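Notes for the one structure printed next.
The values are calculated or read from the model by the stated rules, or taken from the named source; none is laboratory data. Nothing here was measured: the structure is a model prediction, and the numbers come from that model. Here the Cβ positions follow ideal geometry from the backbone for every residue, glycine too, while neighbour counts run over all protein chains shown. These accessible areas exclude ligands, DNA and RNA; they are computed on the full protein's heavy atoms, side chains included. Shrake-Rupley method; radii C 1.70, N 1.55, O 1.52, S 1.80 Å.
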Amino acid sequence: MCDHKMCFRLFCLLCVVSTFFACDETTTGIGESIVPDYDRIAVGASSYEVSTRSILADSLYSRSSMAYLGKYTDPEYGEMSADFVAQFNITDDFTFPAEEQRVYVKEAYMLLNFASVFGDTANAMKLQVDTLSSVIPEDDKRTCYTSIDVEKYYDASASPLTTQSFAASGASMGDTIITSSSYYSTVETRYRWLPVELPKQFGQYCYSKYLEDATYYKNAEEFIKHVLKGVYVHCTHGDGTVLCIDQIDLNVGFYFYIDSSTGKLDSLVSGMVTFAASKEVIQANRFKNSEKLKELVADESCTRLKTPAGIFTEVSLPIDEILMDHQSDTINAASITFQCYNDEPKSYGMSKPQSLLMVRKDDMSKFFENSKIYDGVSSFVTTLVTSGSTANTYTFSNIAPLVRTCMDEKSAGKFSEDWNKVVLIPVNITNDSSGNVIRVEHDLGISGTRLKGGKDKLKLDILYSKLSF
């Protein structure tokens, strides 16, 4: 066939596809009047039942810059506790004042900086800080999972570095306003910080290690190996509050002498060094949920999404049925919507997840371990619709590339046990200043919702076409 005929045929197909997909009933022959006799396009739509179920997600890969601390018991989801381990980084040009400047350590403390709190900010809580007794292996990805075995890295029988009572709205809190700009908007965020007092002897220890060998402070690896392997921060008392911590700083304050105007070392000044936790070293969250989640997963009246490290929804795509009906057809579009139940508002505003990742079940772990970005072929992202006639829904408007990939794999006989399964996972998405997606991470905030599904089937709508010669 001539090239101009092929181009015209494809143009006609695109016109039909662009105007059709809102149709639900199977239709054939649409658009034939605009196609010449030598080449006709048959277009139609089909709907297929989709099975869904809840699955437990008690261990997530999360090398996050956020840390979570506290405990919360929800009537529906049960008890959840959050704690973390953190190592500290060293700046390239780090130094303490010289020994001859007669350094006197006056204080040591951690600052836990947080922009949000889940739960009752007036609750009385108590935290404990323990130093790690062994170095966390950098190349062991298991340490980045939310089920990290913290007990392997610290001695629970040893005396803690410190304990401290606090309330998120307590008088010990300080606060500041930080303005940040993104591609979409400029936002003012109120950050509060909780100072955690450490023994002055700990600060003196940090300085004495510098005097022992300044190379211990050459880089993070040396500091972690020789000075401080890390800390484990957890709550020992209290319920109903979880801090969402954006930054963790370890500070050592001191006095030292400098030359005065007379040229003598006799002017006393104060100074401070700060070591920051960061993603360049290990910062690992651990979440523990009660057995209540297993009961919810077994409930077939719906499916659920629960964060952090709680429940995902698994979706079985009806690829076999589509193959049976459309093996020689072209799948042009595919759409599926997940409807949230309108549950009663919960105390302290447990919200619905805002963004969902749909990813093939086989790819779920490596997607996060390898810091992938959704590609529109095997992974997709959508957001919660919050208003209008489609409020409280998540719609994946065109997963046709995924459907076609699964069909090709099945036809070629190259498929795994979970070849037709995808998982819905709540995520946080980070954009750069130009609006480009640069990071997709597990949503570790506290959220949950029920989705229609389980024993009630959902519907996958597809648009297909045939070229007849």
What FRET efficiency comes out for the pair ASP140/ARG40, r = Cβ-Cβ distance, R0 = 45 Å, nearest 0.05?
0.15
Once all protein chains are kept in place, LYS459 shows an accessible area at probe 1.4 Å, nearest 10 Å², of 100
Please report the accessible area of ASP408 (heavy atoms, 1.4 Å probe, ligands and nucleic acids excluded) in Å², nearest 10.
100
In nm, what is the difference between 0.36 nm times the number of residues separating GLU409 and SER290 and their Cα-Cα distance?
38.9 nm
Residue separation between THR121 and LYS225 times 0.36 nm, minus their alpha-carbon distance, gives in nm 33.7 nm
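Going by average Cβ neighbours within 10 Å, how do the peptides 350-356, 444-450, 297-303 rank, with the highest at the top?
Top of the packing list down: 444-450, 350-356, 297-303.
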Under a point spin-label approximation (7 Å from Cα along Cα-to-Cβ), what is the GLU100-LYS372 distance to one decimal in nm?
6.0
Percent accessible area from carbon and sulfur atoms, the chain, protein chains only, probe 1.4 Å:
48
If amide hydrogens are placed 1.01 Å from N in the peptide plane, which non-local residues have theirs closer than 5 Å to the one on LEU444?
none
Simple SL model, points at 7 angstrom along Cα→Cβ for THR390 and LEU268; separation in nm is 7.0
So, with points 7 Å from each Cα along the Cβ direction, the MET324-VAL50 label distance in nm works out to 2.0
Return one whole number: the accessible area per residue of the stretch 242-303 in Å², for a 1.4 Å probe.
46
To the nearest 10 square angstrom, how much accessible area does GLU99 have with a 1.4 angstrom probe?
120
Sorted by chain and number, the residues with a modelled amide H under 5 Å from that of LYS106, at a separation of 5 or more or across chains, are GLY253, PHE254, TYR255
Take the Cα atoms of the chain, build their convex hull, and give its volume per residue in Å³.
206
